[in-house]
Each structure stands twice: as C-alpha cells, then as structure tokens.
Amino acid sequence: MNDIVDQQPATPASPPPTAPDPTAPVAQAARASSFGAWLNPWLYIALLALALAVWQWFETRIRLADTQQEMARRLSDSDAVSRESRTLARQAQEQLAVQQGKIGELEGRIAESRSQQATLESLYRDLARSRDEWALAEVEQSVTLAAQQLQLAANVQGAVLALQAADARLAGNGRPQFIGLRKVLVRDLERLRALPQVDVPGMNLRLESVISAVDTLPLAVDGRPREEGKPGETLESPTATLGSLIFWQHLAVDFWRELRSLVRIQRFDRDEPALLAPGQAFFLRENLKLRLLNARLALLAHDQWTFRNELKQARFWVDRYFDNRDKSVQTAQSTLKQLSATEISIELPNLNESLSAIKNFKLGKDGK
C-alpha cells in the first residue's frame with residue numbers, strides 16, 4: 001500500500017514534453033523526471049512509511065516471538081500449576097475422603113452417644129420412679145407395721161417409732177410431692193404421742209417376778225404349830241430300862257404328851273387356813289401361775305377386764321392358801337394389788353387416714 005501511495009503523486013509531477021527537440025528534450029525530461037522524483041516529498045514519506053512499516057513488522061515479529069515465548073512459558077507454568085493443582089486436588093480428595101471417614105465415624109459415635117444418653121435418661125427416669133416407688137413402699141410398710149402394733153399388741157411406743165421411721169424416709173427423699181403425705185403422717189404421730197403412756201414392759205417384769213416367786217411362797221398350812229418332842233425325850237426300849245426309874249420317867253412324859261394333845265387353843269379372830277392334801281399344793285402353785293400368765297397375756301392385749309379378774313383371783317388364792325405373815329407373800333400381794341389398780345385399757349386411734357393417703361397417692365401416681 002505504501003508503494004502505491006508513493007507512486008500515485010509522481011505521475012502529475014512530470015513536466016510536459018517539448019516538441020521542437022525530439023532527442024534533447026527526452027534526455028532532459030529523463031533527467032528532470034529523475035531529479036524531480038528525488039525532490040518529490042511523497043517519496044520521502046513513502047520511504048519513511050516503508051521504514052516504519054518494516055520496523056513495525058520487525059518489532060511485531062519480535063513482540064510476537066516474545067509473546068509466543070511468554071505464552072509457552074506461561075503454558076508450561078500453567079501445565080505445572082495444573083499438574084500441581086491436580087496433585088493437590090487428588091491429595092485434597094484423599095484428605096476429604098479421610099475426613100469424611102472420620103466425620104462418619106464421629107457421626108456414628110455421636111449417634112451412639114445420643115443413644116446412650118437417651119438410654120441413660122430413660123434409666124434415670126426409671127430409677128427416679130423406682131426410688132419413689134421404693135420409698136413409698138417402705139413408708140407403707142412402716143405405717144402398716146405401726147397399725148399392726150396398735151391393733152394387735154396396743155404397742156403405742158412401737159407405732160410411734162414406725163411412724164417416725166416413715167416420716168424420716170419421706171424427709172430424706174426430699175420430693176415436694178410427698179409434703180401432703182408427710183402432713184398426714186405427722187398428724188397421726190402427734191395423736192399417738194398425746195396418748196397416756198402405759199409401762200407395759202415394767203408391769204410385765206413385775207408379773208414375771210411374782211410368777212417366779214410362786215414356787216417359793218410358803219403355804220399357810222405349813223405355818224401351823226406341830227407337836228414335836230424335845231431332843232432326848234424319845235422313848236427307849238422298855239426292855240433296856242426294866243426295873244429302873246428311867247422307864248417311869250419316859251412313861252410319864254408320854255402320858256403328858258398324849259394328855260396335852262387332847263386340848264388345842266385356837267384363835268377365832270381370823271379365818272382358818274385352808275387345808276391342802278400333800279399332792280394338791282403342786283396343783284395350787286401351777287394354777288396360780290396359769291392365772292398370772294393369763295393376766296400377763298391380758299396386759300399385752302390391753303384387756304382390762306380379764307387382767308383385773310385374773311389378778312383378783314390370784315390375790316384371793318394367795319391370801320387364802322399362803323402364809324400372810326411371810327414377807328415374800330406380803331410383797332407378792334402388794335405387787336398384785338398395785339397391778340390390778342393400773343389402767344391398761346386405752347382407746348387407741350387407728351392409722352386409716354395415713355393408709356388411705358398412701359393408697360390415694362399410689363393411685364394418683366399410677367394414673368399419671
């Protein structure tokens with residue numbers, strides 16, 4: 001294109017030919033055209049443009065080569081980076097697979113831990129419910145024992161101890177739902193504590209002492225005076241003292257003894273002691289023991305009528321058949337008199353309120 005541009009302005013710059021000198025003018029025209037051509041500015045512009053184009057071409061080639069080298073270098077770097085990236089990506093995938101495996105293992109452990117936690121929570125709830133049930137069962141057993149002590153043995157102190165144990169068991173549990181039940185137990189406990197105390201063990205021991213002393217109490221029939229000869233007043237064989245004064249002395253003593261036995265002095269200001277055959281004394285003592293044992297059973301059962309009736313009969317037998325002058329008999333009579341005057345029949349309250357409260361509490365808990 002530069003050549004074409006440089007050639008187009010050169011055409012109008014040539015001078016017109018001269019006709020007169022056909023040879024000279026041709027040379028002259030040739031010289032003038034060649035000189036004019038060098039003096040034409042378009043020629044220089046074309047050359048300059050051509051030089052610029054060549055320089056630009058060379059520069060473009062150099063830049064293109066540099067660019068190709070740079071591109072090649074960058075492509076090689078890119079390949080290296082790509083290979084490294086692929087290596088890193090493969091390593092990352094491997095690590096990701098390892099991490100995913102670890103995550104899966106952790107998830108499995110977490111699931112197992114959650115399952116164990118749920119199991120533990122369920123066990124804790126069951127244990128808490130079981131502890132409440134055990135505590136309630138122990139309280140019910142204690143209250144039932146207290147009721148049995150009152151109904152069967154009238155043992156107020158034993159019932160008080162059983163109710164105290166039940167209240168302590170509820171207090172140790174510390175659950176607020178047991179407050180109402182504790183109020184009922186405390187109310188029954190206060191009613192039992194307000195009852196008059198009967199020393200049943202002490203009275204039982206006193207009866208036991210009288211029963212043990214029955215075998216040693218002297219009978220009244222054994223206390224009557226007996227005619228017994230003095231030592232040395234025994235009659236010797238008549239054949240050994242025939243013809244002697246000693247025989248007559250012994251005969252006089254025997255005569256006086258027989259004469260004195262015909263007269264007996266007796267007091268009538270008190271009843272005559274009942275006479276017993278030798279075999280009846282044993283049965284008397286055994287029957288007296290049976291009377292006292294019946295009184296003992298009546299004491300444990302708080303049977304006032306039977307207790308007093310048996311003691312009354314025992315006192316009558318002691319007064320009638322035993323020696324009232326003996327100190328042990330007087331002690332036994334005094335003990336029986338004091339025991340018969342003691343009130344053992346007490347109107348005992350029942351524990352139905354506490355038992356009903358426990359039953360209702362169990363029903364309400366089962367309903368939930």
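The values are calculated or read from the model by the stated rules, or taken from the named source; none is laboratory data. Please read these numbers as outputs of a predicted model, since none were measured by experiment. Glycine also receives a Cβ, built like all others from the backbone with ideal geometry; neighbour counts cover every protein chain displayed.
Results, tabulated for the structure shown:
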quantity: Residues of region 203-247 that turn out to be out of contact with any Ser or Thr (no Cβ under 8 Å at 6 or more places or on another chain) and modelled with pLDDT under 85, as a count; calculated: 27
quantity: Near pairs, Cβ below 6 angstrom, 6+ apart or cross-chain, from region 186-201 (within 10 Å of Leu163 (Cα to Cα) and assigned by TED's automatic domain parsing to the domain that holds Gln148) to any residue that is part of a helix (DSSP H, G or I) and not hydroxyl-bearing (Ser, Thr, Tyr); calculated: Leu189/Leu163; Leu192/Val156; Leu192/Ala159; Leu192/Val160
quantity: Which numbered condition Leu170 misses (of (1) crowded, with 16+ Cβ neighbours inside 10 Å; (2) out of contact with any Phe, Trp or Tyr (no Cβ under 9 Å at 6 or more places or on another chain); (3) within 30 Å of Ala135 (Cβ to Cβ)); calculated: (2)
quantity: Check on Thr331, in the same structural domain as Arg285 (by TED's automatic domain parsing), polar (S, T, N, Q) and closer than 18 Å to Thr306 by Cα; calculated: no
quantity: Single residue of region 339-363 satisfying the filter (within 20 Å of Arg296 (Cα to Cα) and in contact (Cβ under 8 Å) with a residue 40 or more places away in the chain) that is nearest to the chain's Cα centre (by Cα); calculated: Leu348
quantity: Residue within region 126-148 that is surrounded by fewer than 11 Cβ atoms within 10 Å (Cβ to Cβ) and not charged (D, E, K, R) present; calculated: no
quantity: Among residues of region 185-194, those that are part of a loop (DSSP other than H, G, I, E, B) and either surrounded by 15 or more Cβ atoms within 10 Å (Cβ to Cβ) or in contact with a Pro (Cβ under 7 Å, 6 or more places away or on another chain) (or both), counted; calculated: 0
quantity: Unmet criterion (only one of (1) out of contact with any Lys or Arg (no Cβ under 6 Å at 6 or more places or on another chain); (2) outside the structural domain of Leu339 (by TED's automatic domain parsing)) for Leu205; calculated: (2)
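Table: residues versus (1) surrounded by 11 or more Cβ atoms within 10 Å (Cβ to Cβ); (2) at pLDDT 75 or above.
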| site | (1), (2) |
| --- | --- |
| Pro9 | yes, no |
| Ala19 | no, no |
| Ala24 | no, no |
| Ser34 | no, no |
| Tyr44 | yes, yes |
| Ala51 | yes, yes |
| Ala65 | no, yes |
| Glu70 | yes, yes |
| Ser78 | yes, yes |
